[in-house]
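Colleague: Supplied in structure tokens, the structure appears directly below.
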Amino acid sequence: IGEQIHVVRSAAESAGKDPSEVRIVVRGVVRPGERGPRLSGSIAQIRADAEWLGEQGVTELFYDLNWHPGIGHPDVPEEDATAKALDLLDALKP
């Protein structure tokens with residue numbers, strides 16, 4: 001992702017724009033539990049991945065919780081899904 005961000009910022013500079021003003025927004029699918037791809041595993045691992053993304057040049061990270069079975073599954077009651085999402089977001093906040 002660092003290389004891709006460099007390409008975007010270089011293109012901005014070539015276009016006469018300030019590359020430091022370019023916002024790099026990433027949609028990150030969060031999967032707490034077993035460690036797999038980035039933004040999965042323990043809360044500490046997910047937070048470390050978010051920090052790593054920032055070090056690569058990401059300016060904003062949108063946590064996508066829809067793939068969490070206790071949040072995005074249609075059979076989960078809305079109140080339960082909302083409570084679980086709020087708890088997870090609280091644990092992940094900086």
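Colleague: Can you name every residue in segment 40-79 that is open to solvent by less than 50 Å² (accessible area, probe 1.4 Å) and in a helix (DSSP H, G or I)?
Modeller: If the condition is that a residue be open to solvent by less than 50 Å² (accessible area, probe 1.4 Å) and in a helix (DSSP H, G or I), then 46, 49, 50, 53, 54 are the ones that fit.
Colleague: Could you list, in sequence order, all residues of segment 1-39 that are in a helix (DSSP H, G or I) and not polar (S, T, N, Q)? Give the steps one after another, and end with the answer.
Modeller: Just the residues of segment 1-39 that are in a helix (DSSP H, G or I), to begin with: 2-14, 19-21.
Across segment 1-39, the qualifying residues are 2, 3, 5, 6, 7, 8, 9, 11, 12, 13, 19, 21.
Colleague: Say whether the condition of being surrounded by 11 or more Cβ atoms within 10 Å (Cβ to Cβ), under 22 Å from residue 89 (Cβ atoms) and touching a residue at least 40 places away in the same chain (Cβ under 8 Å) is met by at least one residue in segment 15-34.
Modeller: Yes, segment 15-34 contains a residue that is surrounded by 11 or more Cβ atoms within 10 Å (Cβ to Cβ), under 22 Å from residue 89 (Cβ atoms) and touching a residue at least 40 places away in the same chain (Cβ under 8 Å).
The values are calculated or read from the model by the stated rules, or taken from the named source; none is laboratory data. Please read these numbers as outputs of a predicted model, since none were measured by experiment. Heads up, the Cβs are rebuilt from the backbone with ideal geometry, glycines too, and the neighbour counts pull from every protein chain shown. Note: areas computed on protein heavy atoms with side chains; ligands, DNA, RNA excluded. Shrake-Rupley method; radii C 1.70, N 1.55, O 1.52, S 1.80 Å.
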